[in-house]
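First up is the structure itself, then whatever we jot down about it.
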Amino acid sequence: MLIVMHHSATKKDVERIKGTIIRMGLKPVAIPGAERTAIGIIGNQGWIEDSPLRGQKGILEIIHVTKPYKLVSRDFHPADSVVKLGGKVKVGGKSPFLYIAGPCAVESREQIFRTARFLKKLGIPVLRGGAYKPRTSPHSFQGLREIGIDILDEVRQEVGILIATEVMSPEHVEMTAQKADILQIGARNMQNFDLLKEVGRINRPVILKRGLSATIEEWLSSAEYILLGGNAEVILCERGIRTFETATRNTSDLSVIPLVAESSHLPVIFDPSHATGKRSLVPPLSLAAAVVGSHGIMVEVHPEPEKALSDGPQSLHFREIEKLKEQVDAILAFMKTKVMQK
Ligand code: PEP
Ligand code: MN
């Protein structure tokens, strides 16, 4: 439930209503806005009998929210959220389009340093790279794990680039958060609820990928776990879903980008690499994502994709990400001057 306060409501009114909510056995969350304050109620399992609140001074409106997620919804937080990455870089709202790029997996010091230096020169602020890899087959390369995290930490300090890396289990969250700027929850772990709770407790931005067969409601409910834990720095990432089609690795669901923006205030980015599985499709899908309002893209790039230990066929060469960035920047500039103002 959401209680919208009158713009003339005082702090005392807000406190009195919060007290009533607590006496009802529920938890109030004050949501200050530019014009007026709202009070969200969490902790209820169903319909709330609102008679103790009705008629109280200062209340403009009582809205019953029936969605399974509240903190991530625009009902609770109408304005776009802007997530800060490592102090300077921002994503969401009117922030510049965010580019995240890098290999699927951290394979060696040399591979990561070459990639980081190239991306830095290109003006891409975030390097991605998995140290803990969720692989379908146990026979596939499983990632360098702690060694990989240490390589990322080293490159972050030496090159001065932000690091995004995946965490797969709750016990690795704290250690990874000390060495990386952004934690990624992969598609396969979107409903690993203990992991969601653990990243909810830390003070680091989280990229939450959509599960392979997750509905939007399930995806946003997973984000709700992180916000409920106290971490509001969540970036949603669409990465394609599984359908009957096998010509592409996944089916790109670009409609979710404008759709999620209608119901949630969180930034949404797109991963064209896992969404297609095919290098040649990454540039056109990146352009499409920019056009439909994505706040950024996360792209797999490798110094030698032919030799990559994972996801080589969908990884771009350096010259290809350079060209892609030029094209996406051009589309964004065109949209800004010719489309968005109309
Ligand atoms: C990845 O980003 O390398 C990855 C494993 O992605 P996803 O979880 O979307 O499959
Ligand atoms: Mn990958």
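Using the average count of surrounding beta-carbon atoms within 10 Å as a protection proxy, the listed peptides 170-183, 77-90, 100-113 rank, highest first, as 100-113, 170-183, 77-90.
Accessible surface for segment 87-179, divided over its residues, is 44 Å² per residue with a 1.4 Å probe. Helical runs assigned H by DSSP (4 residues or longer) give the chain a calculated mean residue ellipticity at 222 nm of -9500 deg cm²/dmol, each run adding -39500 (n - 2.57) before division by the residue total. By accessible area, using a 1.4 Å probe on protein heavy atoms only, the chain has 54% of its surface on carbon and sulfur.
Excluding same-chain neighbours fewer than eight residues apart, the lysines reachable from Lys179 by a Cα-Cα span under 25 Å are Lys84, Lys88, Lys90, Lys120, Lys121, Lys133, Lys197, Lys209.
Couplings 3J(HN,Hα) of segment 23-36, computed from phi: 5, 7, x, 10, 10, x, 10, 6, 10, x, x, 5, 9, 8 Hz, in residue order, whole Hz [Karplus 6.51 cos²θ - 1.76 cosθ + 1.60, θ = phi - 60°; x for Gly and Pro]. Neighbours of Val234 by Cβ distance under 11 Å: Lys/Arg scored +1, Asp/Glu scored -1, total -1. Less than 5 angstrom separates the built amide H of Ala105 from those of Gly130, Ser310, all sequence-distant by 5 or more or on a different chain.
Near Gly102, once Lys and Arg are set to +1 and Asp and Glu to -1 for all other residues with Cβ below 9 Å from its Cβ, the sum equals 0. Within the listed set Ile59, Ile48, Ile161, the Gaussian network model of the chain (springs between alpha-carbon atoms below 10 Å) gives the highest mean-square fluctuation for Ile48. Shown in residue order for segment 255-267 are the 3J(HN,Hα) couplings computed by the Karplus curve 6.51 cos²θ - 1.76 cosθ + 1.60 at θ = phi - 60°: 5, 5, 5, x, 5, 5, 4, 6, 9, 10, 8, 6, x Hz (x for Gly and Pro). For the chain, the longest principal axis of the Cα atoms and the long axis of helix 282-291 meet at an angle of about 30 degrees. For segment 1-51, GluC sites (Glu not before Pro) are listed when DSSP marks them as loop and at most 15 other Cβ atoms sit within 10 Å of their Cβ; the list is Glu35, Glu49. Computed from point charges on the beta carbon alone (+1 for Lys and Arg, -1 for Asp and Glu), the dipole magnitude for segment 219-342 about its Cα centre is near 360 Debye. Across segment 305-322, computed HN-Hα scalar couplings (Karplus, 6.51 cos²θ - 1.76 cosθ + 1.60, θ = phi - 60°) run x, 5, 9, 4, 7, 8, 6, x, x, 9, 8, 8, 6, 4, 5, 6, 6, 4 Hz from first to last residue, x flagging Gly and Pro.
The values are calculated or read from the model by the stated rules, or taken from the named source; none is laboratory data. Every value quoted in this text rests on a predicted model; they were computed, and no experiment measured them. No Cβ is skipped: glycine too gets one built from the backbone with ideal geometry, and neighbour counts run over all protein chains shown. Keep in mind that these areas ignore ligands, DNA and RNA; they rest on the heavy atoms of the full protein, side chains included. Shrake-Rupley method; radii C 1.70, N 1.55, O 1.52, S 1.80 Å.
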